[in-house]
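Everything on this sheet refers to the single structure shown next.
What follows draws every value from the coordinates through simple rules; no lab data is involved. As the structure is a computational prediction, the values presented were derived from the model and not from experiment. Here the Cβ is made from the backbone with ideal geometry for all residues, glycine too, and neighbour counts use every protein chain on show.
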Amino acid sequence: MLTEIDHIAIAVRDLDAAIDWYRDALGAQVAHREVAEHDGVEEAMLSVAESYVQLISATRDDSPVAKFLDKRGEGLHHVGYRVPDCAAALEAMVKAGATPIDDAPRPGSRNTTIAFIHPKGSFGTLIELVEEPEAEGSGRP
Ligand code: CO
């Protein structure tokens with residue numbers, strides 16, 4: 001069911017400072033940057049081979065990421081797993097007893113299709129299922 005770790009998401013307070021630090025300390029480059037106003041989040045995707053580190057920060061005080069930062073501080077926020085079929089993966093996880101946050105797949109950043117699974121019942125980790133858009137000639141299986 002899983003084809004790759006799509007991204008490891010890390011919540012940070014200052015997105016630009018975190019981008020600079022990842023560039024200076026690890027040589028990681030920003031591949032994509034996007035604001036999802038609906039979720040109150042700004043993200044920067046840093047390339048690591050075929051996967052990403054996703055730095056996320058809040059765009060408003062009442063967003064879920066802002067609440068996470070208030071409660072838990074900066075650090076690991078969720079793990080995104082790449083799957084060929086988000087709906088099928090979501091159904092399989094729910095069948096296995098996982099608690100969905102999204103009842104059905106929805107649009108994510110980079111034209112992906114995503115669904116979140118609650119950390120409760122998933123051994124404490126927020127899980128995101130990520131289906132990539134149909135890309136011609138991406139070379140990926
Ligand atoms: Co994510």
ask   = Counting alpha carbon pairs within less than 8 Å and at least 6 residues apart, what relative contact order, in whole percent, applies to the chain?
value = 24
request  = With θ set to phi - 60°, apply the Karplus curve 6.51 cos²θ - 1.76 cosθ + 1.60 along the stretch 30-42 and write out the HN-Hα couplings as whole Hz, x wherever there is a Gly or Pro.
outcome  = 6, 9, 7, 9, 7, 9, 10, 4, 4, 8, x, 9, 10
ask   = Amide H of GLY108: which non-local residues (sequence gap of 5 or more, or other chain) have their own amide H closer than 5 Å, using H built in the peptide plane?
value = THR113, ILE114
key: Measure of compaction for the stretch 4-131 (Cα Rg per 2.2 N^0.38 Å)   = 1.03
query = So for LEU26, LEU55, LEU15, fewest C-beta neighbours within 10 Å to most, what's the order?
reply = LEU26, LEU15, LEU55
query = Can you work out the base-10 log of I(q)/I(0) for the stretch 24-73 at q = 0.17, 0.21, 0.22, 0.33 1/Å, using the Debye formula on its C-alpha atoms alone?
reply = -0.57, -0.76, -0.80, -1.11
remark   = Once both label points are put 7 Å beyond Cα along the C-beta direction, the GLU34-ASP85 separation in nm becomes 2.3
